Amino acid sequence: MDRKNCYDVIIIGAGPGGAFCAYELKEKQPDLKILIIEKGRSIEKRVCPKRTNGGKCLHCKPCSITTGFSGAGAFSDGKLSLSPDVGGNLPDILGYDEASRLIRESDDIYLKFGADTHVWGVDKPEAIREIRTRAIVANLKLVECPIRHLGTEKGYEIYERMQNYLLEKGVEMIFNTSVADILIESDGTGAQHVCGVKTEKGDTYYAPKVVAAVGREGADWLHGQCEKFGIDSVPGTVDIGVRVEVRDEVMQYLNDNLYEAKLIYHTPTFDDKVRTFCTNPHGEVATELYDGGLAVVNGHAYSGAEYATHNTNFAILVSKNFTKPFKTPIEYGRKIAELSNMLCGGRILVQNFGDFKRGRRSTEERMCRNNLIPTLKDAVPGDLSLVFPHRIMVDIEEMIYALDKVTPGIASDETLLYGVEVKFYSNKLVVSKEFETSVPGLYAIGDGAGITRGLQQASANGLVVARSILGVEH
Ligand SMILES: Cc1cc2nc3c(=O)[nH]c(=O)nc-3n(C[C@H](O)[C@H](O)[C@H](O)COP(=O)(O)OP(=O)(O)OC[C@H]3O[C@@H](n4cnc5c(N)ncnc54)[C@H](O)[C@@H]3O)c2cc1C
């Protein structure tokens, strides 16, 4: 075995989970030999051509928005949720207090690398009371969550500093390389343990500890590895819905007082859980591309005034839990997104709420009749009822009417609904409190393991897994 290919820890994926894991390992034990293998580019080479191409997606492979150093974090809106109630299941695994403490610690690291010190959503108790009262009237639950907003390009700078810091500390990073297989061997008794990874280029790297931190981008691949090696996993929830876009005026009261209004509804017809997610004031709706060219919708906001729009976007997501014998929720979400792509030539479908509720296809003319100019320029006017099951259509419509009671104007005919937004974090790996899988030495963290679904919890997950690997107190 070539010693130069041997490491103490190999981390698959350089998203916030993987990066914070490497950071903490080096902080606690500087002499550790650590390798990160990342399918995308180093951060300074991550350029999305949409910026210089009139907003048109060129379907780069791999996508610069979701892969490369800092993963889906680099071009995210950079909203750090400072409450354990938001962004993942760490409280279920570690307990609420421990999850809170870890979130504070990972937040301190963001501050160390230059995050804005302002925290939104804590300084206006009177306004929050009023919003909660309106929410109660509409049967909505308001989840309070302080937010630290990095902003897309500020977040990029923070992660760039972090990448350079890790390189200076001696963390090795291989970019533009996907891990094809986790290497697992058996001892004389037949017991399995991890021993390294093999890349798509055929290179092998060895380590007694491997951390899979592959994000949503790598969730399918990780699921495939679970099937191949009998690693325990369970089907989770699939979140599916639309990205809503309105004029800033409609959301101004919520945006000014909460920054991000997190509202949860149990719909009257089906009693399904529907929530708002990822609000971007003055933001842009964005296309997110997955392997195979699947286009799904997302949104972001830049902190610089020069990129600000007059619109706010946020997601409405319906949470679906499935029971036996169904076990492929990711495939379910993918099929619905594929249907939408099929109807729109591989692009994102958009419909205004007036047409949505009247059951007709939107047209270019009806889309721009009123006050709202769509920010996703290559979206195709269409009919979401040809894409979503009836149940999801009803859930979305009922949620929009409920939200209209909290922030009037949401149920206006001009409101835009972009589809499909789907969250591929649904397959949950079965992990211990140490985040070790059923294969000793193999750890799984972050969005790809179905444990987190946000920057702050993914980062905190990186910290805690590093401590588990080193056997130190959380
Ligand atoms: C447009 C957008 C906006 C968002 N906005 C916010 C926000 O404002 N606030 C928030 O909290 N969250 C936001 N998110 C979600 C947030 O980015 C993720 O929750 C977070 O990045 C998850 O971190 P992670 O480390 O688990 O995975 P990721 O960040 O997805 O990183 C995983 C990395 O693994 C790599 N990888 C995958 N498979 C392999 C493989 N086989 N071999 C090698 N490398 C591999 C990928 O290339 C990727 O770089 C946003 C996401 C997107 C896409």
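The values are calculated or read from the model by the stated rules, or taken from the named source; none is laboratory data. Predicted model only: the values in this text are computed from it and were never measured. Please note: Cβ atoms are built from the backbone with ideal geometry, for glycine as well, and neighbour counts cover all protein chains shown.
Considering only residues that are in contact (Cβ under 8 Å) with a residue 24 or more places away in the chain and not in a loop (DSSP other than H, G, I, E, B), look in the range 165-182 and name the one that is nearest to the ligand (Cβ to nearest atom).
Going through the range 165-182, the residues in contact (Cβ under 8 Å) with a residue 24 or more places away in the chain turn out to be 165-166, 169-179, 181-182.
Of the ones still in play, those that are also not in a loop (DSSP other than H, G, I, E, B) are 165-166, 172-174, 179, 181-182.
Numbers: Tyr165: 17, Leu166: 14, Glu172: 14, Met173: 11, Ile174: 9, Val179: 4, Asp181: 9, Ile182: 9 Å.
Filtering first and then ranking leaves Val179.
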Legend entry - Single condition Ile11 does not satisfy, out of (1) touching a helix residue (DSSP H, G or I) at 6+ places or on another chain (Cβ under 6 Å); (2) assigned to a helix (DSSP H, G or I): (2)
Legend entry - Condition check for Lys209: more than 16 Å from the ligand (Cβ to nearest atom) and within 28 Å of Pro325 (Cα to Cα): no
Inset, instruction - Go through the residues of the range 7-20 one by one and say whether even a single one is more than 9 Å from the ligand (Cβ to nearest atom) and surrounded by fewer than 24 Cβ atoms within 10 Å (Cβ to Cβ). - result: yes
Inset, instruction - Give the residue that is farthest from Arg453 (Cα to Cα), with candidates limited to residues of the range 426-437 that are modelled with pLDDT under 95 and among the polar types (S, T, N, Q). - result: Asn427
Inset, instruction - Would you mind listing the helices (runs of 4 or more DSSP H) fully within the range 320-377 where at least 2 residues are surrounded by 19 or more Cβ atoms within 10 Å (Cβ to Cβ)? - result: 329-343, 353-358
Inset, instruction - Count, please, the residues in the range 309-319 that happen to be buried (at least 19 other Cβ atoms within 10 Å of the Cβ) and under 17 Å from the mean Cα position of the chain (by Cα). - result: 6
Legend entry - Subset of the range 51-85 that is away from the ligand (no atom under 12 Å from the Cβ) and not in a loop (DSSP other than H, G, I, E, B) - its residue that is nearest to the chain's Cα centre (by Cα): Arg51
Inset, instruction - Select from the range 445-474 the residues that are in a helix (DSSP H, G or I), modelled with pLDDT of 95 or more, within 8 Å of the ligand (Cβ to nearest atom) and not small (Gly, Ala, Ser) and list them in ascending order. - result: Leu455, Gln456, Gln457, Asn461
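Among the basic types (Lys, Arg) and within 23 Å of Ile316 (Cβ to Cβ) - does that describe any residue in the range 429-445?
Looking through the range 429-445, none of the residues is among the basic types (Lys, Arg) and within 23 Å of Ile316 (Cβ to Cβ).
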Legend entry - Tally of residues being within 8 Å of the ligand (Cβ to nearest atom) and either farther than 22 Å from Gln457 by Cα or buried (at least 23 other Cβ atoms within 10 Å of the Cβ) (or both) across the range 213-238: 7
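Filter the range 127-163 down to residues that are of a type in the set (Gly, Ala, Ser) and in a helix (DSSP H, G or I) and give me whichever is surrounded by the most Cβ atoms within 10 Å (Cβ to Cβ).
Residues of the range 127-163 of a type in the set (Gly, Ala, Ser): 127, 135, 138, 151, 155.
Now drop any that are not in a helix (DSSP H, G or I), which leaves 127, 135, 155.
Working: Ala127: 14, Ala135: 21, Gly155: 27.
It comes out as Gly155.
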Legend entry - Which numbered condition Glu126 fails, given (1) away from the ligand (no atom under 16 Å from the Cβ); (2) without any contact (Cβ under 8 Å) to a residue 24 or more places away in the chain; (3) touching a helix residue (DSSP H, G or I) at 6+ places or on another chain (Cβ under 6 Å): (3)
Legend entry - Any pair with Cβ under 9 angstrom, 6 or more apart, that starts in the range 320-337 at a residue that is in contact (Cβ under 8 Å) with a residue 60 or more places away in the chain and ends at one that is assigned to a loop (DSSP other than H, G, I, E, B) and exposed (fewer than 15 other Cβ atoms within 10 Å of the Cβ): Pro329/Asn321; Tyr332/Phe326; Ile336/Pro389
Inset, instruction - Could you tell me whether the range 34-42 includes any residue that is closer than 19 Å to Lys198 by Cα and touching a Pro at 6+ places or on another chain (Cβ under 7 Å)? - result: yes
